[in-house]
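The values are calculated or read from the model by the stated rules, or taken from the named source; none is laboratory data. As the structure is a computational prediction, the values presented were derived from the model and not from experiment. Every residue, glycine as well, gets a Cβ built from its backbone with ideal geometry; the counts of neighbours run over all protein chains shown.
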Amino acid sequence: MIHSYTASRRKEGEGWGSAVGFALRDGLPAAIKAHLIIRYSIEAFDRAIVIREVISWGFTILYVLGFIRISNILNDGSKSKEASG
């Protein structure tokens, strides 16, 4: 029952956002760290740690907001099904 409901609400191309998010979560800090080390040598490693932590917290906030949004969508869908059925 849930599968048919989610399949009917899914649009073409959806689902890539989470894959891109996970790729950016790992790739962006690695690219920044590599750039800082190449440009400033090993002294930039401390700066890279701070930047990595800031990016990590940013993605955590995005994940929480996404979870809240999905929960609201699912709750609204179940309420409309109860009202009509």
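Laid out as a table, the results:
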item	result
Test: Glu12 is modelled with pLDDT under 65 and among the acidic types (Asp, Glu)	yes
Residue within the range 31-48 that is within 19 Å of the chain's Cα centre (by Cα), under 20 Å from Ala19 (Cβ atoms) and either in contact (Cβ under 8 Å) with a residue 40 or more places away in the chain or surrounded by 12 or more Cβ atoms within 10 Å (Cβ to Cβ) (or both) present	no
